[in-house]
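Structure record follows, encoded as structure tokens.
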Amino acid sequence: MNEARGVWVLGEQRDGQIHPVSFELLAWGRALADDLGVPLECLIGGHGVVQGANQLIAHGADRVRCLDHRRLGTFRVDSYAQPIEYLIRKHTPEILLAAATTMGRTLMPVLAANLRTGLTADCTELTIDPAERLLLQTRPAIGGNVLATIKTPQHRPQMATVRPKSRRPMPSDESRTGDIVTEFVDERLLDSRVSRLGFTEDLTKGSSIQDAEIVIAGGRGLRTPKRFGELFTIAERLDAVVGASRCAVDQGWVPYAHQVGLSGKSVSPTLYIALGISGSPNHLAGMSSADRIIAVNNDPDAPIFQVANVGIVADLAEFLPAWLERLRSKDEGRGT
Amino acid sequence: MKHILVLVKQVPTTESVRLNEETGTMIRTGSEAAINPLDLHAVEEAVCIKEFAATKVRVTILSMGPPQAESAIRDALAMGCDEGVLLCGQEFAGADTWATAYALVQCMRGLDPIDLVLCGERATDGETGQVGPMVAAMWGVPLLTYVSRLTCGDRGVAAERAVEGGMEEVDCPLPAVVCVLRDLNEPRLPTLHGKVTAHESALTVLNGEAIGADINLLGLRGSPTRVARVIYPSFQRTVELVRVSEQGLDAALDTLELALAAPALKPQERA
């Protein structure tokens, strides 16, 4: 393990186009590689990805390794894991990062299992311990209420998946230079036991609550499905995504995909607006790490106010129509 | 399809989670624990397959944990499973996802041949979602993750995977490991009859030696990762509170607008 050197990130592509999450990974990887004084490499699998490799260099990679093959056009775990494992054993990077997407979270455990090394899921902070030359991997657990820092002292590579949007990409620098290598591997390594039969694009869902910069969430205090529906109007105005408490989901006002909390999704947006949500521990655990929280609730003692920056004690039946009215009059004022 | 194995984990219940009023962090009491909610969907699916199968299908529940984890296995049995196995012993303590998957697979090799392994996509406590995929890799079988719909045949399974931007349709031969999402089904409630039967069903407790494991690969000793530190961040804030009953609607709306217009407190940039 002592010879293991270099930082690798696993880029992602969709239909041959480099996915922006790859640039976030490069930003993380660049900082680590600089601290360690080693090169940063990006390994990307796909079909036609060589064309995009320059973008990966421009965003911080010193070398891009392309696994470019028509059989790698869409992610299948076997066809990706086998050649990637082969390349890792051959080049022995000390750190391997991937995005905590459905691809990264499927591929990385398989690689870690076969490479007999440690893997930390969903990291939001990565640093180097200079004394031990170890990767410190920090991740929220129990809905963000605990931050655990994990290390992999003896095994290589040190592996982590990184939560998307936890770091901004570096600006593209076209003057950067680097190697672009096309990797050729034994065709048999591309075999997959899983066959992909089709794909149905989901056009209705819009962006997910976990990716949103602003979340506007509603709960029991809205009292009617119609009033809950108004949140979508406001969300559009604020460029926000609608979230919900478990109660609102249980009432059938909105599908489960919108549920925030331990029993739903954990979110960490720049702004979280809680309307008619009292703030059960289950809910607070999924949103209290937001940068700023605004809460509107009729009970001044509601726990949500303990984590909020700004609180408004009001009945939503009165407050929400007034807010909508004010938004509308603004529109008219602007002549739109 | 003759034998389905469902992996379950005992986790603290969300209802038993309370917040420390001073720090705003979670207090977890050891006594209140239940089967991981997502695992219930895996159990439900296994029981459904069993009920609709033309031939006899057996469902085994496998868990690793302290002696109390037996109650999580009994809960699963009460839904209509046949037997339970609990990996229990000091040698398993402190296992990370690698060492957990190793122990589970080592145990699986000693059971009757397994056609299908089902598990929840992740547990509500650790939230890593790594053990299922690691089990597939170590066991050497195909893996399907993020499964929201499953159809079983004699030799293979077809599934829908909920991935970014849509639904992927896939199939693979058996045996396989399938990690399931909540959308898959609606777990049944255990019946009184089920609870009684569950109490009487066979539950085997196995230690590291019984599963023929390499002791150096179990528990903390076998874990490649170490927890360097744990911090409990406080999210308690001093709230600026406006009451409509005292200050009126307009003042409240003004406050709201000011708050909405305020610049971000902490840009996500981590230089």
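Restricting the search to strands (runs of 3 or more DSSP E) fully inside region A:62-136 and requiring at least 1 residues that are away from chain B (no Cβ under 13 Å) gives A:63-68, A:95-99.
Residue-by-condition table, conditions (1) at negative phi; (2) surrounded by fewer than 21 Cβ atoms within 10 Å (Cβ to Cβ); (3) of a type in the set (Ser, Thr, Tyr):
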site: A:THR102; (1), (2), (3): yes, yes, yes
site: A:PRO109; (1), (2), (3): yes, no, no
site: A:ALA112; (1), (2), (3): yes, no, no
site: A:THR120; (1), (2), (3): yes, no, yes
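Are there strands (runs of 3 or more DSSP E) fully within region B:82-154 with at least 1 residues that are of a type in the set (Ser, Thr, Tyr) and closer than 22 Å to A:PHE75 by Cβ? List them.
Details: elements: B:83-87, B:116-120, B:143-152.
The qualifying strands (runs of 3 or more DSSP E) are B:143-152.
Here's the yes/no breakdown for (1) free of Cβ contacts under 8 Å to residues at least 40 places away in the same chain; (2) buried (at least 18 other Cβ atoms within 10 Å of the Cβ); (3) within 25 Å of A:GLU325 (Cα to Cα):
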| position | (1), (2), (3) |
| --- | --- |
| A:ASP179 | no, no, no |
| A:ARG193 | no, no, no |
| A:LEU197 | yes, no, no |
| A:ASP202 | yes, no, no |
| A:ALA212 | no, yes, no |
| A:ARG227 | no, yes, yes |
| A:ALA235 | yes, yes, yes |
| A:ASP239 | yes, no, yes |
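Residue check: is A:ARG193 within 11 Å of chain B (Cβ to nearest Cβ) and either aromatic (Phe, Trp, Tyr) or closer than 30 Å to B:CYS172 by Cβ (or both)? Taking the combined requirement at face value, the residue satisfies it. For beta carbons closer than 9 Å, sequence separation of 6+ or different chains, a first residue in region B:1-18 that is at pLDDT 80 or above and a second that is basic (Lys, Arg) and part of a strand (DSSP E or B), the qualifying pairs are B:LYS2/B:ARG58; B:HIS3/B:ARG58; B:ILE4/B:ARG58.
Which ones in region B:155-167 are in a strand (DSSP E or B) and within 21 Å of A:LYS265 (Cα to Cα)?
B:GLU160, B:ARG161, B:ALA162, B:VAL163, B:GLY166, B:MET167
Selection of region B:221-239 for residues being aliphatic (A, V, I, L, M) and either within 18 Å of B:ALA69 (Cβ to Cβ) or in a loop (DSSP other than H, G, I, E, B) (or both) yields only B:VAL239. Looking at this structure, is B:LEU189 outside any loop (DSSP other than H, G, I, E, B) and either under 21 Å from the mean Cα position of the chain (by Cα) or polar (S, T, N, Q) (or both)? In short, no. Would you confirm whether or not region A:13-26 contains a residue that is over 19 Å from A:VAL181 (Cβ atoms), in a helix (DSSP H, G or I), in contact with a strand residue (DSSP E or B) (Cβ under 6 Å, 6 or more places away or on another chain) and assigned by TED's automatic domain parsing to the domain that holds A:ALA160? Checked region A:13-26: at least one residue is over 19 Å from A:VAL181 (Cβ atoms), in a helix (DSSP H, G or I), in contact with a strand residue (DSSP E or B) (Cβ under 6 Å, 6 or more places away or on another chain) and assigned by TED's automatic domain parsing to the domain that holds A:ALA160.
Just to be sure before I move on: is A:PRO164 surrounded by 15 or more Cβ atoms within 10 Å (Cβ to Cβ) and in a strand (DSSP E or B) in the structure I sent? Criteria not met by A:PRO164. Checking the structure you have, find out if any residue of region B:209-224 is in contact (Cβ under 8 Å) with a residue 12 or more places away in the chain, away from every other protein chain (no Cβ under 14 Å), within 26 Å of B:LEU116 (Cβ to Cβ) and not aliphatic (A, V, I, L, M). Looking for residues that are in contact (Cβ under 8 Å) with a residue 12 or more places away in the chain, away from every other protein chain (no Cβ under 14 Å), within 26 Å of B:LEU116 (Cβ to Cβ) and not aliphatic (A, V, I, L, M), one finds at least one in region B:209-224, hence yes. For the residues A:ALA61, A:ALA81, the requirement of being under 25 Å from B:ASP96 (Cβ atoms) and among the hydrophobic types (A, V, I, L, M, F, W, C) singles out A:ALA81. Inspection of region B:56-68 finds a residue satisfying the criterion of being in contact (Cβ under 8 Å) with a residue 12 or more places away in the chain, more than 13 Å from B:ILE114 (Cβ to Cβ) and part of a helix (DSSP H, G or I).
Of all residues in region B:128-143, those that are at the interface with chain A (Cβ under 7 Å from one of its Cβ atoms) and over 10 Å from A:THR106 (Cα atoms) have Cβ atoms under 8 Å from Cβ atoms of residues that are in a loop (DSSP other than H, G, I, E, B) and among the basic types (Lys, Arg), 6 or more apart or on another chain, in B:THR128/B:ARG122; B:PRO142/A:ARG193. If you go through region B:241-256 and keep only what is more than 7 Å from chain A (Cβ to nearest Cβ) and surrounded by 14 or more Cβ atoms within 10 Å (Cβ to Cβ), you end up with B:GLN247, B:ALA251, B:ASP254.
Considering region A:140-187, the residues that are within 21 Å of the chain's Cα centre (by Cα) and closer than 18 Å to A:GLY52 by Cα include one that is farthest from the other protein chains (Cβ to nearest Cβ), namely A:SER172. If the requirement is being within 14 Å of another protein chain (Cβ to nearest Cβ), among the aliphatic types (A, V, I, L, M) and either under 20 Å from the mean Cα position of the chain (by Cα) or more than 26 Å from A:THR200 (Cβ to Cβ) (or both), which of these qualifies: A:VAL21, A:VAL38? Checking each option against the conditions leaves just A:VAL21.
For region A:285-308, residues that are within 20 Å of the chain's Cα centre (by Cα) and without any contact (Cβ under 8 Å) to a residue 60 or more places away in the chain total 2. Scan region B:240-271 for residues that are modelled with pLDDT under 90 and either part of a strand (DSSP E or B) or of a type outside the set (Asp, Glu) (or both) and the total you get is 10. Which members of region A:284-317 meet the condition of being more than 20 Å from A:CYS247 (Cα to Cα) and more than 7 Å from every other protein chain (Cβ to nearest Cβ)? Selection gives A:ALA290 alone.
The values are calculated or read from the model by the stated rules, or taken from the named source; none is laboratory data. All values reported here derive from a predicted model rather than from experimental measurement. Because the Cβ atoms are built from the backbone with ideal geometry, glycine has one as well, and the counts that use them run over all protein chains shown.
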